[in-house]
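Here is the structure we will look at, set down as structure tokens.
The values are calculated or read from the model by the stated rules, or taken from the named source; none is laboratory data. Since the structure is predicted, the reported quantities are computational estimates derived from the model, not experimental observations. A quick note on method: Cβ atoms are made from the backbone with ideal geometry, for glycine too, and the neighbour counts reach across all protein chains shown.
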Amino acid sequence: MSMATTASTAAPLSLASLTLEVADPEAAHRFHTALGVDTYVGLRASEGHSAGFRGFTLGLTVSGPATVDGFFGAAVDAGALVLKPAAKSLWGYGGVVQAPDGTIWKIATSAKKDTGPDTREIDELVLLLGVAAVKATRQFYVEKGLTVTKSFGGKYTEFAPGSSSPVKLALYKRSALAKDLGVPADGTGSHRIALGSTTGTTFTDPDGFVWEAAAQLAATPH
């Protein structure tokens, strides 16, 4: 009598959700609603200690400068601190703000000239992790099942978004990311963000970013 055996293969990883840990979820929700991102980012109450740069940024990519200005103005009106005013650069037009809960947001477009009015539409939401070694962290995520869609050696990597979340995950050298945002690279304590995993498991990446089961995060009140 023979017995067939089936190898057990773990499901590949994809980013299903994002949850920010904040001291005041209601205030954070008001800010997210004003910015138009309340359907993309979850919130949960936390008094976790964090000082300095938290090692990541959330980026809104939009169609043109007028739309950048619209989102930027909405963020400031809702209490955000301006870290970099919206301005033209070699790569396009954009600026950086820090939300009242401490999260840093970059709002940008690759267009340098307006071709239309403010659309108030988000083309892409990007979670950019600042990491110590892009190549090593990229390999960690590839082994977990993520697919690389863009890579520039040890400087930058983008992964294909998951089917259940519109958020794109990308990696950038931590020191370079801090410089781009206009903040010191030093920081201690919790990142104060949890990434929802489709694998149903909890793990921590090489730079201390925690992934939790997406189902658990989905139950988090906004």
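With the checklist (1) modelled with pLDDT of 95 or more; (2) part of a helix (DSSP H, G or I) in hand, flag the one item ASP207 doesn't pass.
Unmet for ASP207, out of (1) modelled with pLDDT of 95 or more; (2) part of a helix (DSSP H, G or I): (2).
What are the residue pairs meeting all of these: first residue in segment 1-26, first residue within 24 Å of GLY162 (Cβ to Cβ), second residue of a type in the set (A, V, I, L, M, F, W, C) and modelled with pLDDT under 70, Cβ atoms under 6 Å, and 6 or more apart or on different chains?
Close Cβ pairs (under 6 Å, with a partner that is of a type in the set (A, V, I, L, M, F, W, C) and modelled with pLDDT under 70) amount to SER17/LEU217; THR19/LEU217.
Can you report the number of residues in segment 152-187 which are modelled with pLDDT under 95, over 21 Å from THR19 (Cβ atoms) and part of a strand (DSSP E or B)?
Within segment 152-187, residues that are modelled with pLDDT under 95, over 21 Å from THR19 (Cβ atoms) and part of a strand (DSSP E or B) number 1.
Only one residue in LEU83, LEU60 is assigned to a strand (DSSP E or B) and under 21 Å from LYS168 (Cα atoms). Which one?
Selected residue: LEU60, the only one of LEU83, LEU60 that is assigned to a strand (DSSP E or B) and under 21 Å from LYS168 (Cα atoms).
If I ask for residues that are small (Gly, Ala, Ser), in a loop (DSSP other than H, G, I, E, B) and surrounded by 18 or more Cβ atoms within 10 Å (Cβ to Cβ), which ones from segment 12-57 would you list?
Across segment 12-57, the qualifying residues are SER14, GLY55.
Would you tally the residues in segment 67-123 being basic (Lys, Arg) and either under 20 Å from the mean Cα position of the chain (by Cα) or surrounded by 13 or more Cβ atoms within 10 Å (Cβ to Cβ) (or both)?
Selection size over segment 67-123: 4.
Restricting to segment 132-161, give me the number of residues that are farther than 30 Å from PRO65 by Cβ and either surrounded by 18 or more Cβ atoms within 10 Å (Cβ to Cβ) or in contact (Cβ under 8 Å) with a residue 60 or more places away in the chain (or both).
10
Within segment 188-204, can you find the residues that are among the aromatic types (Phe, Trp, Tyr) and either outside any strand (DSSP E or B) or touching a His at 6+ places or on another chain (Cβ under 8 Å) (or both)?
none
Suppose the filter is in contact with a helix residue (DSSP H, G or I) (Cβ under 7 Å, 6 or more places away or on another chain), farther than 22 Å from ALA23 by Cβ and charged (D, E, K, R); does ASP114 pass it?
Spelling it out, ASP114 is indeed in contact with a helix residue (DSSP H, G or I) (Cβ under 7 Å, 6 or more places away or on another chain), farther than 22 Å from ALA23 by Cβ and charged (D, E, K, R).
Any idea how many residues of segment 54-63 are closer than 16 Å to GLY92 by Cα and in contact with a Lys or Arg (Cβ under 8 Å, 6 or more places away or on another chain)?
Qualifying residue count for the region: 2.
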